[in-house]
Amino acid sequence: MKQPLTAVPSARLSGRARVPGDKSISHRALILGALATGHTRVAGLLEAADVMATANAVAALGAEVRRANGAVEIMGQGVGGLRAPTSALDFGNSGTGSRLMLGVVAGHDIEAEFTGDASLCRRPMGRVLMPLTAMGLRAEGERETLPLTVRGTSDLLPIVYDLPVPSAQVKSAILLAGMHAPGRTTIVEPLPARDHTERMLGHFGAELTAEDRDDGARVVTICGDAELHGADITVPGDPSSAAFMIAAALICPGSDIVVEGVLLNPTRTGFIETLCEMGANIEQLDHRLQGGEPVGDLRVTTSTLKGVRVPPERAPSMIDEYPVLACVAAYAEGETRMEGLAELKVKESDRLAATAAGLAACGVEARLEADDLIVQGRGQVKGGGHVATHMDHRIAMAFLTLGLGAREAVAVDDVSMIATSFPDFTKLMSKLGAEFR
């Protein structure tokens, strides 16, 4: 059943808040913990629906997962040591979990059925299946969407694979499979995408290299027949979740907030970089390393913003933040052009179309030109709209955020799916002064 919610214009946000653990790192910690030998302890794991689906999947494959002493502990089975599940692996709405686990199953001589909710079962898996089938994974039938039955093998082949488009999920699936293959498996990505898998593989003891080429591409190579050892992981705050607090503080008059412990990995900071180009007052405090990842606190105050061009090469570092960036752009003066957003069409919804439609519903001038989104900012937003979320958590949160700074309240048709990534969204935003009804 749908759960509608309305964001009421808020005069001022203030205080400190800590966002939940990063979703990308949480998925990977569970997966690598299951593939390691021995005990892995994960503090700060995001216990949202998407991540819990991955936890359930690795448990169904034979890893022991339990909560203990304020953390999640995994007793891994070693690379190649997982067993066939007794029922289908249900990933709910999680594209990350399902695609990465295809890479895991590829290296095991087991059969598994992958399924998910209605939204996930519409999303494409072909770009992950293509390299994995070249390595030896077998997929039943000719389907490229879930539900899907696949058969792995203990005799995977190493490959050299040129990614057609930057994708951390495809890269990660190949790396996870490559651990099970003899020799070296190499991925060439045209632009650097999120590198959490590479960082965490090194933390667990895998042998891999990453080199940047003169043409801007990155070449990542992993040595097969890997042995991983259990490790402790502390998951930093998710920058994609922090984006909504940051955006709200920028557009609500008189705001001054601090978001604590945010992941500042360079492959994830495109949103902050873009906001600073727009004139945002964002100060990084207490910059530090945490489990191999850069982390810091962000102080954000209300800012006068201007429109900018966001180049396509920045998309991999902020792909999940474009809906909320478009909402911030509505409060800037002048045109903001976001280029090269084809990837947004194959997310939980067609986020490109959903974002443009949501802006129009709130009185914001926006248009699509092929894979580009252009927003004409007027410094303020009328609001008063009713936004269709299309079962997409980031569309829901982006337009609730937009409504906090508008002249009139903004309603979204459903917030039930926000639990997939940020269960405490309204609670933490309300703590800072936001009002919902």
| query | What is the extension gain from ASP215 to ALA88, computed as 0.36 nm multiplied by their sequence separation minus the C-alpha to C-alpha distance, in nm to one decimal? | reply | 41.4 nm
| request: For the range 52-60, just list the computed ³J(HN,Hα) in residue order, Karplus coefficients 6.51, -1.76 and 1.60, θ = phi - 60°, integers in Hz, with x standing in for Gly and Pro. | output: 5, 5, 5, 4, 5, 5, 5, 5, 5
| message | Give me a comma-separated list of calculated 3J(HN,Hα) values for the range 217-226, in order, Karplus coefficients 6.51, -1.76, 1.60 applied at θ = phi - 60°, integers in Hz, x for any Gly or Pro. | response | 6, 10, 10, 10, 10, 10, 7, x, 6, 6
| query | Roughly how many Å is it from the Cα centre of the range 116-145 to that of the range 350-393, as a whole number? | reply | 31 Å
| Using Cα pairs under 8 angstrom and six or more residues apart, how large is the relative contact order of the chain, in percent? | 19 percent
| field | Candidate values (1) 21.1, 61; (2) 21.8, 70; (3) 77.5, 239, label of the one derived for Rg and Dmax of the Cα atoms in Å | value | (1)
| field | Amide H contacts under 5 Å for GLY377, placed H, 5+ residues apart | value | GLY334, GLU335, THR336
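Report the extension gain between ARG12 and ARG299 in nm, rounded to one decimal, defined as 0.36 nm multiplied by the number of residues separating them, less their alpha carbon distance.
Extra length from ARG12 to ARG299 when fully extended: 101.9 nm.
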| request: Check the straight Cα-Cα distances from LYS306 and name the lysines below 26 Å, setting aside those fewer than 8 residues away within the same chain. | output: LYS382
| request: Using the Cα centre as the reference, give the magnitude of the dipole from point charges on the C-beta atoms of the chain (Lys, Arg: +1; Asp, Glu: -1; all else neutral), rounded to the nearest 20 debye. | output: 920 debye
| Based on the alpha-carbon gyration tensor of the range 396-437 and its eigenvalue square roots a ≥ b ≥ c, which shape applies: rounded if a/c is under 1.5, prolate if not and a/b is larger than b/c, or oblate? | oblate
| said: Under a crude label model (7 Å from the Cα following the beta-carbon direction), how far is GLU73 from ASP286 in nanometres? | reply: 2.8 nm
| said: Under 5 Å between amide hydrogens, which residues at least 5 positions from ARG18 or on another chain qualify, with H placed 1.01 Å from N in the peptide plane? | reply: GLU260
| Approximate spin-label separation ARG337-ASP155, in nm, with each point projected 7 Å along Cα-to-Cβ | 5.4 nm
| task | Hey, can you grab everything whose amide H is under 5 Å from the amide H of TYR161? Only 5+ residues off in sequence or another chain; H modelled, so Pro and N-termini drop out. | result | THR186, ILE187, VAL188
| message | With the crude spin-label approximation of a point 7 Å out along Cα→Cβ, what separation in nm comes out for GLU313 versus LEU368? | response | 2.7 nm
| message | Taking the alpha-carbon distance from LYS427 and a cut-off under 22 Å, which lysines remain once sequence neighbours fewer than 8 residues away in the same chain are dropped? | response | LYS2, LYS23
| query | Picking from VAL415, THR336, VAL65, whose Cα lies most toward the positive end of the charge dipole for the chain (charges on Cβ: Lys, Arg +1; Asp, Glu -1)? | reply | VAL415
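Since every read-out is calculated from the coordinates, none of them should be taken as a lab result. Quick caveat, the model's predicted, so the values are computed rather than measured. All Cβ positions, even for glycine, are placed from backbone atoms using ideal geometry, and neighbour counts span all protein chains on display.
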